[in-house]
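S.K.: Take this structure, written in structure tokens, and hold onto it; I'll ask about it next.
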Amino acid sequence: MNQLAFIPAGVLAAAASWLINSLFCSRLGAFAVVYVAPGVEEAAKTGFALFLGTSIFPVHFIFGLVEGVWEAARGGRGWAAGLVSLASHTVFGLAAGWLYHFTASISWAVAGAYLVHMGWNKLVVALSVRR
């Protein structure tokens with residue numbers, strides 16, 4: 001296993017997700033944020049981890065770190081959003097890594113992390129609409 005490949009895998013997953021999500025979110029809005037983006041991101045993170053021969057969990061952490069820095073750079077309450085991003089993607093990585101460890105199935109790992117991520121995004125969107 002390539003121990004340091006989690007860094008480029010996380011960065012590549014973040015870049016690929018940003019490009020793909022930009023297309024869907026600009027056209028589909030909140031629907032894409034809740035239902036499409038989690039699938040894109042979980043497939044990218046777990047896929048790049050396995051493709052580059054590294055552990056799933058740290059790739060999710062690096063992805064969260066990249067997204068967190070992006071949020072923080074936006075200013076305002078971006079630092080809070082950045083920390084939440086880091087924490088949430090870490091949790092998604094724990095779910096994906098745990099499922100992959102116990103099932104040896106990429107499909108189960110991605111699907112499980114997707115469901116957790118989708119639920120989280122649905123909550124965040126619902127709370128942001130209330131404000």
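Just so it is clear, none of the values below were taken in a lab; they were calculated from the coordinates. Everything numeric in this text was worked out from a predicted model, so none of it was measured. Reconstructed Cβ throughout: ideal geometry from the backbone, glycine too, with neighbour counts over all protein chains shown.
S.K.: Roughly speaking, what is the centre-to-centre gap between the range 80-124 and the range 1-79 when only Cα atoms are used, to the nearest Å?
M.R.: 11 Å
S.K.: Using only the alpha-carbon atoms, how far is helix 78-103 inclined from the longest principal axis of the chain? Give it as 0 to 90 degrees, nearest 10.
M.R.: 30 degrees
S.K.: Let me ask you something else. Taking the Cβ of PHE63 as the center, what net charge do the other residues with Cβ under 12 Å away carry, scoring Lys and Arg +1 and Asp and Glu -1?
M.R.: Its environment carries a net charge of -2.
S.K.: Taking neighbour counts of Cβ atoms within 10 Å as a proxy for exposure, in what order, fewest first, do HIS117, HIS89 appear?
M.R.: By the 10 Å Cβ count, ascending, the order reads HIS117, HIS89.
S.K.: Ignoring everything except DSSP H segments at least 4 long, calculate the 222 nm mean residue ellipticity for the chain; use -39,500 (n - 2.57) per segment, divide by total residues, nearest 500.
M.R.: -28500 deg cm²/dmol
S.K.: On to the next question. How fast does the chain diffuse by Stokes-Einstein, in µm²/s, taking the Kirkwood radius from C-alpha pairs at 20 °C and 1.002 mPa s?
M.R.: Answer from the Stokes-Einstein relation: 147 µm²/s.
S.K.: Could you work out which residue, out of LEU50, LEU23, LEU99, moves most in a Gaussian network model of the chain, that is, has the largest mean-square fluctuation with Cα springs under 10 Å?
M.R.: Among LEU50, LEU23, LEU99, the largest GNM mean-square fluctuation belongs to LEU23.
S.K.: Further question on the same structure: Note the angle between two axes, namely the Cα long axis of helix 6-28 and the longest principal axis of the Cα atoms of the chain, as a number of degrees from 0 to 90, rounded to the nearest 10.
M.R.: The two axes meet at around 40 degrees.
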